[in-house]
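Student: Below are the structure tokens for one structure; questions will follow.
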């Protein structure tokens, strides 16, 4: 007989615990930074080796060496950037779809098509200025 009141108390405790107020949900993940209009940076640019063609980029796309795309360490994916070759004045507009470059002293890694438009394929590296666009 003593077991029945103990069982009832245990059930009441479980029910009361189920009715307790829940903790509020954690805040949603921080949204990605907005496009950084007006951001400029100068330094060295390089371009992707052919072996990267067809490989997955950091944003999940497949790298296409014939597309006007680039990698930057911090600009949000999708940001449009004007790249100017400071050696010859040639320009190209690319879209950021990857992270990098991971080589010290480099600020942007360009697709082969973008490097071709900047006339830097033979040199492999060029001094550039990058500017974000709206």
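The values are calculated or read from the model by the stated rules, or taken from the named source; none is laboratory data. Not measured: the values here are computed from a predicted model. Heads up, the Cβs are rebuilt from the backbone with ideal geometry, glycines too, and the neighbour counts pull from every protein chain shown.
Student: Regarding residue 66, is this residue touching a strand residue (DSSP E or B) at 6+ places or on another chain (Cβ under 9 Å) and either part of a loop (DSSP other than H, G, I, E, B) or modelled with pLDDT of 95 or more (or both)?
Tutor: Working: touching a strand residue (DSSP E or B) at 6+ places or on another chain (Cβ under 9 Å): no; either part of a loop (DSSP other than H, G, I, E, B) or modelled with pLDDT of 95 or more (or both): yes.
In short, no.
Student: Further question: When you check residue 104 against the structure, is it out of contact with any strand residue (DSSP E or B) (no Cβ under 9 Å at 6 or more places or on another chain) and either modelled with pLDDT under 95 or over 12 Å from residue 131 (Cα atoms) (or both), yes or no? Spell out the reasoning first.
Tutor: On the way: out of contact with any strand residue (DSSP E or B) (no Cβ under 9 Å at 6 or more places or on another chain): yes; either modelled with pLDDT under 95 or over 12 Å from residue 131 (Cα atoms) (or both): yes.
In short, yes.
Student: To continue, here is another question. Check off (1) surrounded by 13 or more Cβ atoms within 10 Å (Cβ to Cβ); (2) farther than 17 Å from residue 121 by Cα; (3) over 18 Å from the mean Cα position of the chain (by Cα) for residue 79 and give me the number that stays unchecked.
Tutor: (3)
Student: Taking the stated definitions as given, is residue 58 modelled with pLDDT of 65 or more, surrounded by 10 or more Cβ atoms within 10 Å (Cβ to Cβ), under 14 Å from the mean Cα position of the chain (by Cα) and part of a strand (DSSP E or B)? Lay out the reasoning, then the answer.
Tutor: Details: modelled with pLDDT of 65 or more: yes; surrounded by 10 or more Cβ atoms within 10 Å (Cβ to Cβ): yes; under 14 Å from the mean Cα position of the chain (by Cα): yes; part of a strand (DSSP E or B): no.
So residue 58 does not fit the description; no.
Student: If you scan segment 45-54, which residues turn out to be surrounded by fewer than 19 Cβ atoms within 10 Å (Cβ to Cβ) and either in contact with a strand residue (DSSP E or B) (Cβ under 7 Å, 6 or more places away or on another chain) or under 13 Å from residue 95 (Cα atoms) (or both)?
Tutor: Selection gives 54 alone.
Student: Have a look at 130, 96, 108 and point out the one that is without any contact (Cβ under 8 Å) to a residue 60 or more places away in the chain, assigned to a strand (DSSP E or B) and crowded, with 17+ Cβ neighbours inside 10 Å. Talk me through it step by step, then tell me what you get.
Tutor: Details: 130 fails: without any contact (Cβ under 8 Å) to a residue 60 or more places away in the chain; 108 fails: without any contact (Cβ under 8 Å) to a residue 60 or more places away in the chain.
That would be 96, the only listed residue that is without any contact (Cβ under 8 Å) to a residue 60 or more places away in the chain, assigned to a strand (DSSP E or B) and crowded, with 17+ Cβ neighbours inside 10 Å.
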